[in-house]
Protein chains: 4
Amino acid sequence: MLRIALIGYGYWGPNLLRNFNALENVEVSLLVDSSTSRLDAAKVQFAGLNTSTNANDAFLSKEIDAVVVATPVFTHYILAKQALEHGKHVLVEKPLTDNSEHGIELIELAQKKNLTLMVDHTFLYAGAVQKMKVLTQDGTLGKLNYFDSTRINLGLIQQDVNVLWDLAPHDISVLGYLNAEVPVSVNATGVSHIHNGIENMAYLTVNYQSNFIAHFNCSWSSPVKIRLMLLGGSDKMIVFNDMEPSEKIKVYDTAHSVSTFEEKRQVLVDYRVGDVYVPKLSTTEPLKLMAEDFVHSILNKQVPVSNAAGGLRAVQILEAAQESIKKSGAEVKIKMA
Amino acid sequence: MLRIALIGYGYWGPNLLRNFNALENVEVSLLVDSSTSRLDAAKVQFAGLNTSTNANDAFLSKEIDAVVVATPVFTHYILAKQALEHGKHVLVEKPLTDNSEHGIELIELAQKKNLTLMVDHTFLYAGAVQKMKVLTQDGTLGKLNYFDSTRINLGLIQQDVNVLWDLAPHDISVLGYLNAEVPVSVNATGVSHIHNGIENMAYLTVNYQSNFIAHFNCSWSSPVKIRLMLLGGSDKMIVFNDMEPSEKIKVYDTAHSVSTFEEKRQVLVDYRVGDVYVPKLSTTEPLKLMAEDFVHSILNKQVPVSNAAGGLRAVQILEAAQESIKKSGAEVKIKMA
Amino acid sequence: MLRIALIGYGYWGPNLLRNFNALENVEVSLLVDSSTSRLDAAKVQFAGLNTSTNANDAFLSKEIDAVVVATPVFTHYILAKQALEHGKHVLVEKPLTDNSEHGIELIELAQKKNLTLMVDHTFLYAGAVQKMKVLTQDGTLGKLNYFDSTRINLGLIQQDVNVLWDLAPHDISVLGYLNAEVPVSVNATGVSHIHNGIENMAYLTVNYQSNFIAHFNCSWSSPVKIRLMLLGGSDKMIVFNDMEPSEKIKVYDTAHSVSTFEEKRQVLVDYRVGDVYVPKLSTTEPLKLMAEDFVHSILNKQVPVSNAAGGLRAVQILEAAQESIKKSGAEVKIKMA
Amino acid sequence: MLRIALIGYGYWGPNLLRNFNALENVEVSLLVDSSTSRLDAAKVQFAGLNTSTNANDAFLSKEIDAVVVATPVFTHYILAKQALEHGKHVLVEKPLTDNSEHGIELIELAQKKNLTLMVDHTFLYAGAVQKMKVLTQDGTLGKLNYFDSTRINLGLIQQDVNVLWDLAPHDISVLGYLNAEVPVSVNATGVSHIHNGIENMAYLTVNYQSNFIAHFNCSWSSPVKIRLMLLGGSDKMIVFNDMEPSEKIKVYDTAHSVSTFEEKRQVLVDYRVGDVYVPKLSTTEPLKLMAEDFVHSILNKQVPVSNAAGGLRAVQILEAAQESIKKSGAEVKIKMA
């Protein structure tokens, strides 16, 4: 039985509470939030829940094995640090921290203390992403060539963070999950059409030693909602359209053996080469799988799928992207962890 | 009656011949191609057509008023130059030339000779683009904020030119047609997965003095064919999906007066603000309109829609993009015409 | 303050409880279900809720003004009848009853007792249907010509009722809501591919005195999910695609003034005549509006949108359809209420 | 070398001329049309073509082996009859004739004379239909359960024939091609919103001895163009969307082994059971394959894919449908050939 304290009961907290509560070998022993009315609302739904407005109650309690931090990003570092120092395993909402130095410090602290530190990149546990991982790992795609993501819609403008920090972490975490190659640098451009000067549109290229390339198109100012990811390999290519209710992933042949002019023209007319395969995906709630992975990683001392190293890598890419935008799109090296 | 010589009867030439032939006040007096079998094929279809394998027959003939150049891009400059020097009006297939110095020289020559020099950016005459022009000019969109184009498919790999030179001219010409602001610089990234080192995927940002931004995603290596253009204004935004058989253009409200938190949440749920308008588009063949514009511009000494200045601007952007790719995505100023 | 008893806490009951509970001038005074574990689950979520396993507690209580019946269809008649006899207003889940005689008896009883009897055809309160009602009533569509509905998917096969009784009520209720003309007869065909002989696919035509026609395509055996409704008028036509996340309704011009052959050919090429209009729809939860309508109808002695007469009409059409299927698709008159 | 006369050079004739002309072992020896200007147009395009305004020139010539009839449907019978009587093989545009007695007479005449009589149901040679034939014949689909076709758009209203005779032949011929079972009867309903009383909307069910069912939804009055065919088998189901540019056919698992309640719910959420397969289709022009089949059938004395028996069956179904519409949708037996 793992006893967990959840800190933060805002937008995502209720989902975390519901999922951890449903796990058999877990007890949510304490819920912490600064708002007593939020805590009361939680108690109505979960009878017998212990609550507190003071995070120290979580850190100091000997009953608590692990802390889940679901608070605004600027508080992640200090809360996670205190939890680790008090010997608690920690799960932090994405992004891990708002700067990479803090992320590195947390990772080193967790290693020193021999504790699990995990970031909640829930998207990694989506059925579509899990299937992409399988098709990448089992060699179906061949050598990876590119990753191209478009995540745009008419979005709620954030007050404190630009569109890349808001939207790109989902896709950047998938990129790191699917492609083991370490990225080298980024180029990013973006503009703000808002009074506060925060970019509401941005474009990000991530460069590699090999000729693999990754690109992210993020916008809060698109009249249509697009969630489209292309993953190109030397043998097969995947189109992941997250707006499709059922057929989210399609697997296509890569046209690599085109030889005669007539065959080339044929490709142009039909613009595809072979059969297409639309795999059946798991429909298990991704957040449930993430919660299970956190518990399983602690109990078995294993590295979770959504681990802190991947979370740090995402922060480092976002930091470099922000610097590149300021430097008019110039190439910016990604810090080494 | 305008008498025209057409030089080049390859992929696009037959379409030009058919369309110019159908105009009432035009006579295609001569067809030039290096291949006699191509010329014979044309004569079967168009009885009584004069043909030649020597372009000088077009330049030297006093019967010819104008020359249409539909040959490979590296020959545009020399053919157009000779035609202008012999006093002929000139229409050149896009792109105008393969470098901007040559383009400038042609423009200055045409001005000196008081001749019409036009580039065939046929796409500008598409019903959808014409409608976008109207909606931009009549103030429907308000202040323009961005232009975002995706033109990707499983394409025929070109041997001599990268994917930007192949695919981006369509959209770059539309950008210049719709937005009068002069672009300042570009950032471009791209990679080659092909042995010859020519980029088969590339991303291009065009920067402006104002906070307008334009972005182009071009690829020959996408398993799906996407032709999508977003044009964002302060009042309305347009989505142009060229893969739609009928409803190519949709006009959306821009969410600019969101004020309360509840209204913001509402936007998130429904992700649009007002009614959508799908205008009926003209279905006249764009190439017919382009041919008419060429003739009309000559006869009335007017500047055509697809004029040489716009063609040069496209070449300058492509040149800068190529340089930026070589410089690892660094900002490259666009040459002033 | 209206005090309500809810009978039945299965699939739909929790939604009804949540929505009635949220209304300001309503108190859900009693929840009745045969399962004590279901009742306990409700009490956890709604502290202080009174419950019972005996429906008589609802009928006999003087505290209760109205009864909401959300039980299996074969129990609707007896429960609604008892509630009305005890002077309670009644809301019944759709369909009203499983035969029209019972439906007529309930309507007459409610009239005699001067009580509100309402059927919960929630779909009538959907933003899309409400917009269709407005466009029909304000004359935008002109004279109505046809109604064509396709509601097919890979469905959960019902054990006791065929696909028409399962899927068609949604669309039949919309038909009755939008078109005031009284239907005359039906033709229906269908087959069973299941051992129990219950039709899993059926086609239904509803005939009218005028040349209006309505058709329903219902299937549990389609590999793809389609929810498509066409409503054709002499001036405009509506396409309602309920699978679209945002642009559910599109309004098209009807091509009625085509005159010359050339114009006709043009229609063929582009297959539409004028601009298309995609109205913004209300996103208020339909069930909330239905609950409000029930309360409002009682308090103001008005006829609700989803009234018993419409519910009866739907039952009569379904009865006639079932008879027509048995008679090899022969025309069957719809009983007059 | 097969020498062919083509009678009729209206809408479809030019396509037939072009395709037969391109075949190696065929010579189009004579073109017949009542309009000399049409004949002149053909001669411009095909130098050296013999033409006539008198069909007898085709029938009487000993040079001619076969006659292709592409004239209005009411002339098919008399022209095909004369051609057969003069010992010519005959290809007739669809539908074979406008009544089944004439169709039977032609078939018997061809048999007596030992000549090939074929109907041009071009659609049977489409890549998608050919693939459906393969998947049906090789047992992939299992036992066939249903055929459901929707063919609706804003159509050119015909003056002499209703919407079923105009649109349904395509799909009825496919039905007969894919399912060998002989249909027994039909039910059809339809209405006219046009002054001439010709049905512009119609619904047709075709009934079988087994529990196979076929349904056709045809309309000239739909604001959107839909070309959708579902073919359901006991093991797999096919969705054929002819509006898709590339992925026209998708093959789905049939959910036949659903057992537990939880599995059923899962089906509801995701509404499909297994992987989906999108086969690559041939892009050869169907008309070319049809022309080749005609020639091959004559030379090898084999029954063509688009044979007269299938053409007659389509006419018999359409005749029965028309009668059923007149009889208010009553079941009408299909005549036995």
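The values are calculated or read from the model by the stated rules, or taken from the named source; none is laboratory data. Just so it is clear, the structure is predicted and the values come from calculations on it, not from any experiment. All Cβ positions, glycine included, derive from the backbone under ideal geometry; neighbour counts span all protein chains shown. Areas reflect the complete protein model, heavy atoms only, side chains present, ligands, DNA and RNA absent. Shrake-Rupley method; radii C 1.70, N 1.55, O 1.52, S 1.80 Å.
Just to be sure, is A:LYS133 part of a helix (DSSP H, G or I), open to solvent by 50 Å² or more (accessible area, probe 1.4 Å) and basic (Lys, Arg)? No; evaluated as a whole, the condition is false for this residue. Among the candidates C:ALA309, C:ALA314, C:ALA330, the residue that is more than 14 Å from chain D (Cβ to nearest Cβ) and in contact with a Gly (Cβ under 8 Å, 6 or more places away or on another chain) is uniquely C:ALA314.
In this structure, does C:GLN159 turn out to be touching a residue at least 40 places away in the same chain (Cβ under 8 Å) and not assigned by TED's automatic domain parsing to the domain that holds C:TRP12? No: the conditions fail for C:GLN159.
Within the stretch C:191-223, if we keep just the residues that are open to solvent by 10 Å² or more (accessible area, probe 1.4 Å) and of a type in the set (A, V, I, L, M, F, W, C), the residue that is nearest to the chain's Cα centre (by Cα) turns out to be C:ILE198.
Just a yes or no: is a residue in the stretch D:224-238 within 10 Å of chain C (Cβ to nearest Cβ), in contact with a Gly (Cβ under 7 Å, 6 or more places away or on another chain) and either surrounded by 24 or more Cβ atoms within 10 Å (Cβ to Cβ) or of a type in the set (Val, Ile, Thr) (or both)? No. Only a single item in (1) crowded, with 22+ Cβ neighbours inside 10 Å; (2) touching a Ser or Thr at 6+ places or on another chain (Cβ under 8 Å); (3) assigned to a helix (DSSP H, G or I) is not met by A:ARG313, and it is number (2). Does any residue of the stretch C:58-65 turn out to be out of contact with any Lys or Arg (no Cβ under 7 Å at 6 or more places or on another chain), closer than 13 Å to C:LEU6 by Cα and among the charged types (D, E, K, R)? No, because not a single residue in the stretch C:58-65 is out of contact with any Lys or Arg (no Cβ under 7 Å at 6 or more places or on another chain), closer than 13 Å to C:LEU6 by Cα and among the charged types (D, E, K, R). Scanning the stretch B:118-130 for residues that are in contact with a Gly (Cβ under 8 Å, 6 or more places away or on another chain) and within 14 Å of chain A (Cβ to nearest Cβ) turns up nothing. Taking the conditions (1) modelled with pLDDT of 95 or more; (2) touching a strand residue (DSSP E or B) at 6+ places or on another chain (Cβ under 8 Å) in turn, D:VAL267 satisfies each one other than (1). In the condition set (1) open to solvent by 10 Å² or more (accessible area, probe 1.4 Å); (2) among the small types (Gly, Ala, Ser); (3) out of contact with any helix residue (DSSP H, G or I) (no Cβ under 7 Å at 6 or more places or on another chain); (4) away from chain D (no Cβ under 14 Å), C:GLY176 is compliant with all but (3). If you check A:ASP138, A:ASP120, A:ASP166 for being open to solvent by 10 Å² or more (accessible area, probe 1.4 Å) and at pLDDT 95 or above, only one passes: A:ASP138. Checked against (1) away from every other protein chain (no Cβ under 14 Å); (2) more than 19 Å from the chain's Cα centre (by Cα); (3) more than 27 Å from C:VAL191 (Cβ to Cβ), D:LEU154 meets all criteria but (1). The set of residues in the stretch D:145-156 being crowded, with 20+ Cβ neighbours inside 10 Å and of a type outside the set (S, T, N, Q) consists of D:TYR146, D:PHE147, D:ASP148, D:ARG151, D:ILE152, D:LEU154, D:GLY155.
Tell me which of these C:VAL73 doesn't satisfy, since it passes every other one: (1) under 24 Å from A:LYS43 (Cα atoms); (2) out of contact with any Leu (no Cβ under 7 Å at 6 or more places or on another chain); (3) β-branched (Val, Ile, Thr). Of the numbered conditions (1) under 24 Å from A:LYS43 (Cα atoms); (2) out of contact with any Leu (no Cβ under 7 Å at 6 or more places or on another chain); (3) β-branched (Val, Ile, Thr), the odd one out for C:VAL73 is (1).
Condition test on A:LYS88, is it open to solvent by less than 40 Å² (accessible area, probe 1.4 Å) and of a type in the set (Lys, Arg)? Yes. When each of B:ASP160, B:ASP171 is tested for being among the charged types (D, E, K, R) and open to solvent by 20 Å² or more (accessible area, probe 1.4 Å), the lone residue that passes is B:ASP160.
Only one of the listed residues (D:GLU24, D:GLU101) is under 19 Å from D:ASN307 (Cα atoms) and free of Cβ contacts under 8 Å to residues at least 12 places away in the same chain. That residue is D:GLU101. Taken over the stretch C:197-216, the residue count meeting the criterion of being under 12 Å from C:LEU167 (Cα atoms) and within 7 Å of chain D (Cβ to nearest Cβ) is 2.
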